[in-house]
Amino acid sequence: MKKIDKTINELHLYEKKLLKQLDEDPNLTPDEMAEKLDIPSKAVTSAAGMLASKNIINMNKNTTDIINLSDEGLDYAENGLPEHRILKALQEYEKEGIKEVGMDDVIQKAGVTKQQMNFAIGTLMRNHWAHIDKGNLKIEPEAITINITQLPEIQFLHYLKEHPNIADNEIPKEYKKIQKQFSKRKGLFNIKTQQDFTFSLCDEGKQIIEHGFEIQDEATQLTHEQLKTGEWKNLHYRGYDINASAPKNYPGKIHPLQQTIEEIRSIFIDMGFDEAKGTILESAFWNFDMLFQPQDHAAREMQDTFYVKNPPKADLPDSELVKMTKAEHEHGGNTGSTGWQYNWNEDVARQIVLRTHTTGLSVRHLNENEPPLKMFSIGRVFRRETIDYKHLPEFHQVEGIVAGEDMSFKNLLGILKEFYRKLGFKVRFRPAYFPYTYLSVESEIYVPEKRKWMELGGSGMFRPEVLEPLGIKTQVAAFGLGIERLAMIRYGIEDIRMLYQSDIGWLRNLPVTRNIKQY
Ligand SMILES: N[C@@H](Cc1ccccc1)C(=O)O
């Protein structure tokens, strides 16, 4: 195909229409062309832009100032400029035989402000209309007969009043000087800048016109009929404008914390764990006592734990379990341990708390299920923490237990390692202490950006004092890990509070979904 045929072939409908129009009458404005061609004027400018980018036409941008009188300008057209009013006042005084007038009198008679007077004096003197003599204004003889309405300034203002929306370049030459003077006085005119284009054919455009082309309508929607008859093959289609801008789209998505929770859930389910669910309100019995946490333990203090007033007391489980728990606390039951050596108080165990961890749920589960078992649970826990960038009084934990004959401490470490590996983290363990486990460890993961290890939660093997009342004979590995901190690291969040703020900007810019299966 010849180059020119190819160029013509690539022209869109509006571009062709515009080319023809330019050939017929190049002097129309885009709006006029739009009207003639019966297409939107935006389409004319964009078609022209396309033609210009292909060097088929020239596009010249013109800016024009459209001028109108402001309210002040209209007032001056009617009543004269301040200096005119002053001159008129002086002429009237002169008629009454008064040749010298005090400033304040003139101001009053002319109906001008003091400021206008100060400004006008210069003009009055420059025009030889008046001068100041000992503080009074004196009219010059040659100014006595001046006809104010005949002054070019007033004539110009009248002209503008009669020609609203006049383009700057249409103002008659004789007024140009006055216009320039007036432009120094602010506020006489309202000026709007209008942008317009004129188009002209380039050489290539002329060649295309000379070569000639057909204007075919473009199919936008295909009909059933056209498809059936095969007519669609002969239709002319509008090309896609791949450079057209599209509106930004923010699809709905799962909150990053919730996404992390879902991911954790699917990892444990993949690893063969059953999910258990508990309640946020828990008795001190299950939250603390069943975990061999002595009743004077610091964590139970009001400043660490939220106690609930209503309901006032919790029911305790069957008396056997309570009795054995009391025995563990007081002297270690039959485990060979000495216990905590104090008088265990049932009323303290009946207190109701917002659960401080999800470990209470794990012992509840052990009370109702026989090993071997693997259970996990995800839920909110509450502690009286001072809020800062990595502490919230309310956060999520994932808790778990694995109970079985051959369960060992090493198995526990292996499970945790595997869990974190599936989330994409490397974990290390540090010895720790919990009243209900032995051995106990704290897991930490490495945050490369911060070059720091971050604490994520505790784990260990439940002690005999915990297991005996439950009648569990096997080993039980247990863990309870924080979730918010994991989410922080995954999403590069510096401050844990961000997870609970509806900060649209941050959430909007997160990817819709993470690639969950990284492992
Ligand atoms: N309950 C502990 C974590 C833990 C769970 C299970 C065993 C040992 C420790 C915490 O909240 O920090």
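Report whether or not Gln341 is within 16 Å of the ligand (Cβ to nearest atom), closer than 21 Å to Tyr433 by Cβ, more than 45 Å from the chain's Cα centre (by Cα) and in a loop (DSSP other than H, G, I, E, B).
When the stated conditions are applied, Gln341 does not pass them.
Identify, please: which residue in region 93-116 is acidic (Asp, Glu) and surrounded by fewer than 12 Cβ atoms within 10 Å (Cβ to Cβ) and is, among those, farthest from the chain's Cα centre (by Cα)?
Per the stated criteria, the residue is Glu96.
Is there any pair with a first residue in region 378-389 that is closer than 19 Å to Ala276 by Cα and a second that is hydroxyl-bearing (Ser, Thr, Tyr) whose Cβ atoms are under 7 Å apart and which are 6 or more apart or on different chains, and what are they?
Gly379/Thr358; Val381/Thr356; Val381/Thr358; Phe382/Thr356
What are the pairs, 6+ residues apart or on separate chains, where a residue within region 243-258 that is outside any loop (DSSP other than H, G, I, E, B) has its Cβ under 8 Å from a residue that is surrounded by 10 or more Cβ atoms within 10 Å (Cβ to Cβ) and charged (D, E, K, R)?
The qualifying pairs are Pro256/Arg490; Leu257/Glu484.
In region 453-463, how many residues are open to solvent by less than 40 Å² (accessible area, probe 1.4 Å) and within 13 Å of the ligand (Cβ to nearest atom)? Before the answer, list the steps.
Step one: list which residues in region 453-463 are open to solvent by less than 40 Å² (accessible area, probe 1.4 Å), which gives 454, 456-462.
Keeping just the survivors that are within 13 Å of the ligand (Cβ to nearest atom) gives 456-462.
Within region 453-463, residues that are open to solvent by less than 40 Å² (accessible area, probe 1.4 Å) and within 13 Å of the ligand (Cβ to nearest atom) number 7.
Among the residues of region 30-60, how many are in contact with a strand residue (DSSP E or B) (Cβ under 6 Å, 6 or more places away or on another chain) and of a type outside the set (A, V, I, L, M)?
Total meeting the criteria: 3.
Can you go through Ile254, Ile280, Ile261, Ile267 and tell me which one is within 18 Å of Leu354 (Cα to Cα) and of a type outside the set (Phe, Trp, Tyr)? Step through it out loud before you land on a result.
Working: Ile254 fails: within 18 Å of Leu354 (Cα to Cα); Ile261 fails: within 18 Å of Leu354 (Cα to Cα); Ile267 fails: within 18 Å of Leu354 (Cα to Cα).
Just one listed residue meets the conditions, Ile280.
Scan region 365-372 and give yes if some residue there is touching a helix residue (DSSP H, G or I) at 6+ places or on another chain (Cβ under 8 Å) and under 21 Å from Phe479 (Cβ atoms), otherwise no.
Among the residues of region 365-372, at least one is touching a helix residue (DSSP H, G or I) at 6+ places or on another chain (Cβ under 8 Å) and under 21 Å from Phe479 (Cβ atoms), which makes the answer yes.
If a residue must be without any contact (Cβ under 8 Å) to a residue 60 or more places away in the chain and within 29 Å of Phe182 (Cβ to Cβ), how many such residues does region 39-87 contain?
Looking only at that region, the number is 8.
Can you name the residue in region 427-452 that is open to solvent by less than 30 Å² (accessible area, probe 1.4 Å) and either more than 15 Å from Phe479 (Cβ to Cβ) or away from the ligand (no atom under 16 Å from the Cβ) (or both) and, of all such residues, is modelled with the highest pLDDT?
Taking the candidates together, the pick is Pro435.
If you take the residues of region 495-510 that are open to solvent by 50 Å² or more (accessible area, probe 1.4 Å) and touching a residue at least 12 places away in the same chain (Cβ under 8 Å), which of them is farthest from Lys390 (Cα to Cα)?
Only one residue tops the list, namely Arg508.
For region 355-392, give me each residue that is within 15 Å of Met302 (Cα to Cα), surrounded by fewer than 20 Cβ atoms within 10 Å (Cβ to Cβ) and within 13 Å of the ligand (Cβ to nearest atom).
Phe382, Arg383, Glu385
Is there a residue being in contact with a Phe, Trp or Tyr (Cβ under 9 Å, 6 or more places away or on another chain), assigned to a loop (DSSP other than H, G, I, E, B) and more than 16 Å from the ligand (Cβ to nearest atom) anywhere in region 275-298?
yes
In region 464-485, which residues are near the ligand (Cβ under 10 Å from one of its atoms) and outside any helix (DSSP H, G or I)?
Across region 464-485, the qualifying residues are Val476, Ala477, Ala478, Phe479, Gly480, Leu481, Gly482.
The rows are residues; the columns are (1) under 30 Å from Glu484 (Cβ atoms); (2) among the β-branched types (Val, Ile, Thr); (3) at pLDDT below 90.
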{"position": "His211", "(1), (2), (3)": "no, no, no"}
{"position": "Ile215", "(1), (2), (3)": "no, yes, yes"}
{"position": "Leu222", "(1), (2), (3)": "no, no, yes"}
{"position": "Tyr237", "(1), (2), (3)": "no, no, yes"}
{"position": "Ala244", "(1), (2), (3)": "no, no, yes"}
{"position": "Gln259", "(1), (2), (3)": "yes, no, no"}
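For (1) assigned to a helix (DSSP H, G or I); (2) crowded, with 16+ Cβ neighbours inside 10 Å; (3) in the same structural domain as Tyr14 (by TED's automatic domain parsing), each residue gets a yes or a no:
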position: Lys42; (1), (2), (3): yes, no, yes
position: Ala47; (1), (2), (3): yes, yes, yes
position: Leu51; (1), (2), (3): yes, yes, yes
position: Asn55; (1), (2), (3): no, no, yes
position: Asp75; (1), (2), (3): yes, no, no
position: Glu78; (1), (2), (3): yes, no, no
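Select from region 394-411 the residues that are at pLDDT 95 or above and in a loop (DSSP other than H, G, I, E, B) and list them in ascending order.
Across region 394-411, the qualifying residues are Met407, Ser408.
Can you tell me which of (1) away from the ligand (no atom under 12 Å from the Cβ); (2) crowded, with 21+ Cβ neighbours inside 10 Å is the one Gly492 doesn't meet?
(2)
Among the residues of region 495-508, which ones are outside any helix (DSSP H, G or I) and either modelled with pLDDT of 85 or more or not assigned by TED's automatic domain parsing to the domain that holds Glu263 (or both)?
Residues satisfying the conditions are Asp495, Gln501.
Here is a check on your reading of the model: is Val101 closer than 23 Å to His236 by Cα and among the β-branched types (Val, Ile, Thr)?
When the stated conditions are applied, Val101 does not pass them.
Out of Gly471, Gly492, Gly460, report the one residue that is farther than 14 Å from His255 by Cα and without any contact (Cβ under 8 Å) to a residue 40 or more places away in the chain.
That would be Gly471, the only listed residue that is farther than 14 Å from His255 by Cα and without any contact (Cβ under 8 Å) to a residue 40 or more places away in the chain.
Just one of (1) at pLDDT 95 or above; (2) surrounded by 15 or more Cβ atoms within 10 Å (Cβ to Cβ); (3) not in a strand (DSSP E or B) trips up Gly414, so point out which.
Failed condition: (2).
The values are calculated or read from the model by the stated rules, or taken from the named source; none is laboratory data. The structure presented is a predicted model; accordingly, all values stated were derived computationally and were not measured. Virtual Cβ from ideal backbone geometry, glycine too; neighbours counted across all protein chains shown. Ligands, DNA and RNA are excluded from the accessible area calculation, which covers all protein heavy atoms including side chains. Shrake-Rupley method; radii C 1.70, N 1.55, O 1.52, S 1.80 Å.
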